[in-house]
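Inspection log for the structure reproduced underneath, given as structure tokens.
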Amino acid sequence: GPTNGPIDPVRGIANVSWGKMGYALAAAAREAGAAATLVSGPTALATPAGVARLNVTTANEMFDAVMERIAGQDVFISVAAVADYRPTEAGAQKIKKSEQPLTLALTPNKDILASVAALPKAPFCVGFAAETEKLLEHAEAKRRKKRVPMLVANLAQHTLGADQAEVVVLDDQGSQTLPPADKLTQARRIIAHLARLLR
């Protein structure tokens, strides 16, 4: 799901994500026999059966939750829509509306996927890329930059909030397009692809 970087107690910067693919992946991993832990931003989705769930709100909370639990994990799937930036300072009280423009200073959030992939004993990392153009080009560049063996890419304008998705899976062998399907079906296909790579 998304993360939220507070501007003040009632406003924040978030990504447009419902968390549907992440929850579907947790369910599909559990179906395949994995012990799955879901680190979730704020969503209204029900926890998949048999999946452990940890709720977080901000990108920093998600980073800390992942890093505290990553040791000993076999696989890390980085599917959350983590906001790339957060307000440098959050107001302690609601910022009152005025007729004057408001300028926000933004600070980059920590890169969770890159941090996990760089660990000395990193798990097998699966990244996700939501792009709006040049899907294969941008996705492969992200996969190589973050040094992950597998990455799933989709067009954000077709996928975020939707119940169906068309995705492309990229790994060291190339790319494979998975035809449109509901997100649980796609999640099962992604987990099956992951299992083949692990073998």
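The values are calculated or read from the model by the stated rules, or taken from the named source; none is laboratory data. On a predicted model such as this, the values are computed, not experimentally measured, just so you know. Note that each Cβ is placed from the backbone with ideal geometry, even for glycine, and that neighbours are counted across all protein chains shown. Just so you know, the surface numbers come from the protein's heavy atoms only, side chains and all, with ligands and any DNA or RNA stripped out. Shrake-Rupley method; radii C 1.70, N 1.55, O 1.52, S 1.80 Å.
Name the residues in segment 20-46 that are under 19 Å from V75 (Cβ atoms) and assigned to a loop (DSSP other than H, G, I, E, B), would you? Walk me through it before giving the result.
Within segment 20-46, the first condition is being under 19 Å from V75 (Cβ atoms), and the residues that meet it are 21-40.
Matches in segment 20-46: A32, G33, A34, A35, A36.
Would you be able to say whether some residue in segment 80-87 is touching a Cys at 6+ places or on another chain (Cβ under 8 Å), open to solvent by less than 30 Å² (accessible area, probe 1.4 Å) and either closer than 19 Å to K146 by Cα or touching a residue at least 12 places away in the same chain (Cβ under 8 Å) (or both)?
No, every residue in segment 80-87 fails to be touching a Cys at 6+ places or on another chain (Cβ under 8 Å), open to solvent by less than 30 Å² (accessible area, probe 1.4 Å) and either closer than 19 Å to K146 by Cα or touching a residue at least 12 places away in the same chain (Cβ under 8 Å) (or both).
Among (1) buried (at least 18 other Cβ atoms within 10 Å of the Cβ); (2) free of Cβ contacts under 8 Å to residues at least 40 places away in the same chain; (3) aliphatic (A, V, I, L, M), which single condition is I13 missing?
With (1) buried (at least 18 other Cβ atoms within 10 Å of the Cβ); (2) free of Cβ contacts under 8 Å to residues at least 40 places away in the same chain; (3) aliphatic (A, V, I, L, M) applied to I13, the lone miss is (2).
Is segment 60-71 home to any residue that is under 26 Å from V152 (Cα atoms), of a type outside the set (A, V, I, L, M, F, W, C) and open to solvent by 90 Å² or more (accessible area, probe 1.4 Å)? Before the answer, list the steps.
Initial filter on segment 60-71 (under 26 Å from V152 (Cα atoms)): 60-71.
So of that shortlist, the ones also of a type outside the set (A, V, I, L, M, F, W, C) come out as 60-61, 64, 68-69.
When the remaining residues are screened for being open to solvent by 90 Å² or more (accessible area, probe 1.4 Å), the result is 68-69.
Within segment 60-71 (the criterion being under 26 Å from V152 (Cα atoms), of a type outside the set (A, V, I, L, M, F, W, C) and open to solvent by 90 Å² or more (accessible area, probe 1.4 Å)), the answer is yes, since at least one residue qualifies.
Does any residue of segment 96-109 turn out to be among the aliphatic types (A, V, I, L, M) and over 16 Å from R11 (Cβ atoms)?
No - not one qualifying residue is present in segment 96-109.
Filter segment 67-87 down to the residues that are in a loop (DSSP other than H, G, I, E, B), of a type in the set (D, E, K, R) and over 21 Å from P108 (Cα atoms) and list them by number.
D74
For segment 3-46, which residues satisfy the criterion of being farther than 18 Å from N60 by Cβ and touching a Leu at 6+ places or on another chain (Cβ under 8 Å)?
V16, W18, G19, K20, G22, Y23, A24, A26, A27, A28, T37, L38
Are any residues in segment 88-116 of a type in the set (G, A, S), surrounded by 14 or more Cβ atoms within 10 Å (Cβ to Cβ) and either modelled with pLDDT under 90 or in a loop (DSSP other than H, G, I, E, B) (or both), and if so, which ones?
Filtering segment 88-116 down to residues of a type in the set (G, A, S) leaves 90-92, 98, 105, 114-115.
Add one more test, that the residue is surrounded by 14 or more Cβ atoms within 10 Å (Cβ to Cβ), and what stays is 90-91, 114-115.
Within segment 88-116, A90, G91 meet the criteria.
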